[in-house]
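The structure under discussion appears below in the form of structure tokens.
The numbers here are math on the coordinates, done by the rules we state, and not lab data. Since we're looking at a predicted model, the values are computed, not measured. A quick note on method: Cβ atoms are made from the backbone with ideal geometry, for glycine too, and the neighbour counts reach across all protein chains shown.
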Amino acid sequence: RIFGSRVLRLPGETRELLLVAALGQDDVVLPFPDWSHRERALAPARELGLVRLEGGQGQVVFRHPLVRATVVELSTSAERRRAHQVLAAAYQAGDDRAAWHLAAATVTPDEEVAELLERAAQRAWRRGDAVGAVRTLVHAAEMSPPGRARARRFAAAAYQGADVVGDLDGASRLMRNAEATEVGTPQSLQAATVTAYLLLNGSGDTRTAHRVLVEALQATVEVSGAEEQMLVEAVHNLCEISLYADDPELWSAFRSALARAPLARYPVLDLWVGLVVDPVRTGAAVLADLEVALDSLVTETDPVRVERVATAAIFVDRVTRARGPLLRLADDARAGGTVTSGIMALMLLSLEAFQDGDWDSARSWGVEGLAWCRQHGFDLLSWPLQLTQALLAAGRGDSAGVQSLTDRMRSWATPRQVGAVLQYAAHATALDALGRGDHETAFRAVSAISAPGELRAHCGHALWVPLLLVEAAVHAGHAEAARAHVAAMEAAGVGELSPRLALRVNGARAIAAPQLDRELFDRALRTPQARASPFELARIQLRYGQRLRRARAATEARSHLQDALVTFGRLGAAPWVAATEEELRATGPVKDLSRPGTTPAGLTPQEHRVANLAAAGLSNRQIGERLLISARTVGAHLQGAFGKLAVHNRAGLTDALSQHQDGADPALSRPDVGAGSGGQA
């Protein structure tokens, strides 16, 4: 109404030119052969105050956004189609905008236009614009005539929408379109791949997902071009399904499908075969290829390639090499981009941060990833993130939290036969039990992942727990089982895969030795980059100190025990702090524990944290949320602090703590640090 009367007064030629400008972009040269003609045609619009011309080529600038909208609104559909045809011709071949304008100018399905849009989607994907690629591919499917090509494009859009953008509901709707197109025909490989993906990542139904995909692969005879890419994608999905199911019987179908994939042209799948499927036996052969692939991620724009190459590094401890690109994926997801790759990035970063001793980051990344999983309906992807939360709870002594998480893991995974999630539950249970001194429970739980003396095929998780298994076995009285596991690691060359795995092998060898062997322990402590695995290094130091104390080498034992105590305290690993302090007391009087990182009045580090937060006015529940422990555990720590500080309630904590503040770590007295003990020193 504001500008409509003025637009309607314009000559037809002027309105036609304004419509082209309104539907186009500023870099499009208006379709007149010379400047004088353009200037004359636009003169009426200038005189009515609708536009102005800028630049030597006469760029049209609308004086108000509503002018542009009014010009479009007052045009007919036929006029808009002609304008889009003009704009399509203004762009060079291969420009995505030409395809979009041509599609807008086309009324009925047109395979040529659909093919142009599909190519535009591929270019958007290579630029890293996954959301734009899916949107363009959907439009390509809509512009396709009925038939296999239309179904294939809908299926491809559904797969990319689910796998990268994280839109499982949208993918299901697109799949219904694809299925409607293919009524009466066998399900295509593309459609089967999407169906399997939705089954796996939605409900977690590994067996049905495996069956659907295997049947489609067996029915697919010859492939080329885009179909070859879908074949490789199907094989990759079959790999993921088999890994999550953790059923040896499923791998024969994967090997048959893999034989048809041209691995030389798809090196990322080749990395997965070597480093994810069975890293113990085949990982060493492709480590050099992994290093090259990790280096290439710095400039990589394809989010799927980033997260898949980084995932290939998870069991051989090289995820840190991909930290920058993974953080970039997370940032992109926060900005509304590739959600699924963002979840995968946070999952990898969280798991690696736990092993690196950056427990605060491990928790925060995990919590954020879980929120995205809940928002987008990714049940399956939530469990590796829950694994990190369970390991943190176990390390910090929150047994109730571990029990709650592992119960949920088992109740979800058992009926769905998702064996990998049962491994997560076993890992957290074992670590919690070991911290509590329940060594037999720890041994039984960790043995469910991979039996003593065996590094099970197709089980990368077995590389995360060998030190845990040997610790539990030795202290539960299964010395032969511990030594058998060390022998299996040595025979497989596990220590050659990464410095962290070398630390696990060296530490396990020393712990499993029948008698104290200083040389073995010292070799473990000298493992290159040992300090990059602080929690496991501190556990080796604790075991060394225990052996030395029993060998009546108290002074030597104290040195290792005090080093372990500092690390456990920094991590907030309460049960391990308690165990180490008990060992230190058993060595006799300790002259000086007041160096930075120790606490006043004989408080344990966790008691000190709890007391400071309570003195700051936090409730038991709030303290528990900060420190990742239960409210009941908080109460127990407070009672311990009350006795040592000779106070009877919270009101007396502030004065009692301030009297002992000299010589204590000042960071511990700041209530705003919360669970900050898990950060890096």
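Jot down the radius of gyration and Dmax of the stretch 369-596, Cα atoms only, both in angstrom.
Here Rg and the maximum Cα pair distance are 17.9, 58 Å.
Can you sort LEU653, LEU571 by how many other beta carbons sit within 10 Å, fewest first? List each step's numbers first, then the result.
Details: LEU653 21, LEU571 26.
Listing LEU653, LEU571 from fewest to most nearby Cβ atoms yields LEU653, LEU571.
With θ taken as phi - 60° and the coefficients 6.51, -1.76 and 1.60, list the Karplus ³J(HN,Hα) couplings across the stretch 274-284 in order, rounded to whole Hz; mark glycine and proline as x.
Karplus-based 3J(HN,Hα) across the stretch 274-284 equals x, 10, 10, 5, 8, x, 4, 9, 10, x, 4 Hz.
With label points built 7 Å along Cα→Cβ from the Cα atoms of ARG6 and ARG40, find their separation and express it in nm.
The two pseudo-label positions are separated by 2.4 nm.
Would you grab the residues whose amide H sits under 5 Å from the one on GLN59? Only those 5+ places off in sequence or on another chain, please, with H modelled 1.01 Å from N.
Here the answer is GLU54, since their amide H atoms fall under 5 Å of that of GLN59.
Whose amide H sits under 5 Å from the amide H of VAL51, counting only residues 5 or more places off or on another chain, with H placed in the peptide plane?
Under 5 Å from the amide H of VAL51: ARG46, ARG63.
Using only the Cα atoms of the stretch 458-548, what do you get for the radius of gyration and for Dmax, in Å?
Expressed in Å, the Cα Rg and Dmax of the stretch 458-548 come to 11.9, 38.
Which shape class applies to the stretch 261-335: rounded if a/c is under 1.5, otherwise prolate when a/b exceeds b/c and oblate if not, where a ≥ b ≥ c are the square roots of the Cα gyration tensor eigenvalues?
Because a/c hits 1.5 or more and a/b exceeds b/c, the stretch 261-335 counts as prolate.
Residues with amide H under 5 Å of LEU74's amide H, sequence separation 5 or more or different chain, H placed in the peptide plane at 1.01 Å from N; which?
So LEU74 has HN proximity to no qualifying residue.
Using per-residue counts of other Cβ atoms within 10 Å, averaged over each peptide, order 382-388, 66-72, 363-369 from highest down.
Put in order of decreasing packing, that is 382-388, 363-369, 66-72.
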